[in-house]
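Here is the structure we will look at.
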Amino acid sequence: MQTFSQFFTVEPVVSVCYTHPMNIVKRLLCWLPALFIFSCSWYLSSQETIEQMPDFWNADKLVHCVCFAGLSFWVAFGTGTNLPSKWRILLPVIIVSLYGIVDEIHQSFTPGRSSSPFDWMADTLGAVIGSLVFFYLCRFISARKEKKVQK
């Protein structure tokens, strides 16, 4: 039998979450929004041009930042809240930033598209923003639940 403190360390949680078949299905379903955004991003990166882009200076950097913030939010959702605080923020940023590198390399092979380290920096900034929004949103919701329980 696990004690309360043992249950909330990373190793037992991972083993509990991934051994029961229903938990595996739930974990996979949590990744669906992120996988959908990864797929859409990959598809858009394969296009020579994108029709509906904003038309102002460095608009593409803003688009990169916003899209990758959303991606990071859903990657954070997929990784879950059972990790230590540091990793709940860093893991989605690392995953999305690495994907940003792969995406920029992929774009360099797409006719009509170019690869830019500044695009990757915007991707990574967006990843940090999305991960922090998810982290603080979870903390806010958790604090609200605790207040309701205390009343």
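Taken together, the values in this text are just the output of simple stated rules run on the coordinates, not laboratory data. Owing to the predicted nature of the structure, the values given are computational and were not obtained by experimental measurement. Every residue, glycine among them, receives a Cβ derived from its backbone with ideal geometry; neighbour counts consider all protein chains shown.
Rg/Rh for the range 61-151 to two decimals, with Rh computed the Kirkwood way over all alpha-carbon pairs. Don't skip to the answer; put the middle values down first.
Values: Rg = 15.8 Å, Rh = 13.9 Å.
When Rh is taken as the Kirkwood radius, the ratio is 1.14.
Percent relative contact order of the chain, based on C-alpha pairs within less than 8 angstrom and at least six residues apart?
Working: 153 pairs, mean separation 41.7, N = 151.
Computed over the chain, the figure is 28 percent.
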Find how much the distance from Ser85 to Leu98 grows on full extension, using 0.36 nm per residue of separation minus their present alpha carbon separation; answer in nm with one decimal. 2.6 nm
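Between Arg27 and Gln150, what's the calculated FRET efficiency when r is the beta-carbon distance and R0 is 25 Å? Round to 0.05. Show your work: numbers first, answer last.
Working: r = 31 Å, r/R0 = 1.23.
Once the sixth-power term is evaluated, E becomes 0.25.
Using helices alone, I'd like the mean residue ellipticity at 222 nm for the chain: each DSSP H run of four-plus residues gives -39500 (n - 2.57), total over residue count, nearest 500. Spell out each step's value before the answer.
On the way: 7 runs with 117 residues, N = 151.
So the calculated ellipticity at 222 nm is -26000 deg cm²/dmol.
If you put +1 on each Lys and Arg Cβ and -1 on each Asp and Glu Cβ, how big is the dipole of the chain around its Cα centre, in Debye rounded to 20? Kindly include the intermediate steps, with their values, before the conclusion.
Numbers: 12 positive and 10 negative charges, 240 e Å.
Taking the Cα centre of the chain as origin, the dipole is about 1160 debye.
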Paramagnetic reach from Gln52 in the range 69-106 [backbone N under 20 Å; point 7 Å along Cα→Cβ]: 69-71
So, by mean Cβ neighbours within 10 angstrom, what's the order for 118-129, 67-78, 26-37 with the highest one leading? 67-78, 118-129, 26-37
For the range 92-142, diffusion coefficient by Stokes-Einstein and Kirkwood Rh (Cα), 20 °C, 1.002 mPa s, µm²/s: 181 µm²/s
Starting from the 7 Å offset along Cα-to-Cβ, what nm value, one decimal, do you get for the label separation of Leu35 and Met121? 3.5 nm
Could you tell me which residue out of Gly130, Ile24, Leu71 lies farthest along the dipole of the chain toward its positive end? Charges go on the beta carbon: Lys and Arg +1, Asp and Glu -1, centred on the Cα centre. Ile24
